[in-house]
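To keep things clear, I will list the structure first and then write my remarks on it.
The values are calculated or read from the model by the stated rules, or taken from the named source; none is laboratory data. Fair warning: this is a prediction, and the values are worked out from it, not measured in the lab. Please note: Cβ atoms are built from the backbone with ideal geometry, for glycine as well, and neighbour counts cover all protein chains shown. Surface accessibility is based on the protein's heavy atoms, side chains included, excluding ligands, DNA and RNA. Shrake-Rupley method; radii C 1.70, N 1.55, O 1.52, S 1.80 Å.
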Protein chains: 2
Amino acid sequence: MDKTIELLLNHKSIRKYTDQQVSQETIDIIISSAQMAPTSSHFQAYTIIEVKDLKKRRLLADWAGGQKWVESAPLVLLFCGDLFRAEKYYEDIDKDALTNTESYTVATIDAALAAQKAFIAGQALGLGGVCVGGIRNEVEKISEEFGLPDLVFPLFLLCLGYPDQDPGLKPRLPQEIVHKIDFYDDRKDQELMEAYNKTVSDYYDKRTDGKEKDRWTERCGKYLSEKPRYNVGEHFRKIRLLKK
Amino acid sequence: MDKTIELLLNHKSIRKYTDQQVSQETIDIIISSAQMAPTSSHFQAYTIIEVKDLKKRRLLADWAGGQKWVESAPLVLLFCGDLFRAEKYYEDIDKDALTNTESYTVATIDAALAAQKAFIAGQALGLGGVCVGGIRNEVEKISEEFGLPDLVFPLFLLCLGYPDQDPGLKPRLPQEIVHKIDFYDDRKDQELMEAYNKTVSDYYDKRTDGKEKDRWTERCGKYLSEKPRYNVGEHFRKIRLLKK
């Protein structure tokens, strides 16, 4: 199999890292790869903040709900949507167009596309990592700590390091649920979902020696209700996003 | 250089394709790669609709403002954020948590991460392509045409095919503007931006034999003001997204 495809199919979240540091050359390749992601109208509406400061790392780990790997990962990148640059530099703009749902969507997609490329570049160079969306628990505090101007909004971290663990692949939804042809036809989804629930339950059962057997629909329901994060919408509107 | 890194750094938008079709095996690898993207809380909050129907292709090309490659690309994938599955299947959920800005953000990021992996998988298998966000001109019509239930929202297309052109690499923002350390320090950005404006102007000058010499800040300003897409926010709120 093609090496790149193999890498793409073997994605796992890596949360434990060896002591080996990530060289500046590797970081530069990761950032350059991120920058070569596709971007809407060539806006490049994102900023990546490398978090080196240990105090800031601890705060982020804490705000994300105690995710220690944010402290221990050799490389931590904070991906932000960025419409501040647009407001400051774009010429003759319609300011309402900058603060509407479309622009928020553009910046969020741009940031995610760039992050995925950064992630794959890291993996190609032997690193492993994990995305941490949990930092959205405290978007306002993060904005203060990192001096984010209005219209710059924190989305998630990418933590990277040389892997010191090898977890199994996590089973994904059946392809037929996620991949439709020409129409959103979900008539078979219920049945497929039941099979997937069993797959996920078995996966956790094995991984936890029977301590946990959550179905997918049960687990996701819990996660969604535990972390509603209404602060995201509140803060993002305060910094003039999502006005229309 | 590592082959994967080379591929990541050599990204170009490809809009012209040879007649060679994309095999089902290749499509399956592309979708499987997309599914192995990281996903927030394992929600996998996206759906990919493969657009085979030529009538639908023509509509999309038209709605995107006359982007012919939507008709001619051998493979066209419509990436949607999907919170309908969450509402239908997740157990014991807080429904407000489903329709807030956080959930919209999760689904949009999930869809973009998956799309970027699909894109890279395609490129690794010899395909080239382009993302088409222009379809957001007509999110409501797309929702009707593809039978999208409430809480499923169209984001962009990924058009793929075997390349029949080889455009140059488009210059990205200077790394120092996009990559910050520990703090959003933009004191050098203005100066860097002037240099970048010249780079972009020269790039278009060369590509168009002097017919076009737009600065980046000028070009982006035009694009932003020409396509404000207020319909995105309007329609997405109608289908119960972004309520809080």
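Please pick out the residue among B:LYS244, B:LYS141 that is within 20 Å of the chain's Cα centre (by Cα) and open to solvent by 30 Å² or more (accessible area, probe 1.4 Å). Don't jump to the end; show me each part of the working.
Values: B:LYS244 fails: within 20 Å of the chain's Cα centre (by Cα).
Selected residue: B:LYS141, the only one of B:LYS244, B:LYS141 that is within 20 Å of the chain's Cα centre (by Cα) and open to solvent by 30 Å² or more (accessible area, probe 1.4 Å).
Sort through A:LEU54, A:LEU83, A:LEU7, A:LEU59 and tell me the only one that's open to solvent by less than 20 Å² (accessible area, probe 1.4 Å) and at pLDDT 95 or above. Walk me through it before giving the result.
Numbers: A:LEU54 fails: open to solvent by less than 20 Å² (accessible area, probe 1.4 Å); A:LEU7 fails: open to solvent by less than 20 Å² (accessible area, probe 1.4 Å); A:LEU59 fails: open to solvent by less than 20 Å² (accessible area, probe 1.4 Å).
When all the criteria are applied, what remains is A:LEU83.
Among the residues making up region A:96-107, those that are part of a helix (DSSP H, G or I) and either of a type in the set (Ser, Thr, Tyr) or within 16 Å of A:GLN44 (Cβ to Cβ) (or both) are A:LEU98, A:THR101, A:SER103, A:TYR104, A:THR105, A:VAL106, A:ALA107.
Within region A:98-117, the only residue that satisfies the criterion of being open to solvent by less than 10 Å² (accessible area, probe 1.4 Å) and more than 9 Å from chain B (Cβ to nearest Cβ) is A:ALA107.
Pick out, from region A:1-95, the helices (runs of 4 or more DSSP H) lying fully within it that include 3 or more residues that are within 10 Å of another protein chain (Cβ to nearest Cβ), in contact (Cβ under 8 Å) with a residue 24 or more places away in the chain and hydrophobic (A, V, I, L, M, F, W, C).
The helices (runs of 4 or more DSSP H) meeting that bar are A:24-35.
I'd like the full set of residues that are at the interface with another protein chain (Cβ under 7 Å from one of its Cβ atoms), on the phi > 0 side of the Ramachandran plot and out of contact with any Lys or Arg (no Cβ under 9 Å at 6 or more places or on another chain), limited to region B:207-244. Break it down into steps so the answer makes sense when it comes.
Taking region B:207-244 as the starting set, the residues that turn out to be at the interface with another protein chain (Cβ under 7 Å from one of its Cβ atoms) are B:217-218, B:220-221, B:223-225, B:228-230, B:232-233, B:236, B:242, B:244.
Those still in the list that are on the phi > 0 side of the Ramachandran plot too: B:229, B:242.
Passing the criteria: only B:LEU242.
If only residues of region B:183-203 that are open to solvent by less than 30 Å² (accessible area, probe 1.4 Å) and within 11 Å of another protein chain (Cβ to nearest Cβ) are counted, the one that is farthest from A:ILE142 (Cα to Cα) is B:VAL200.
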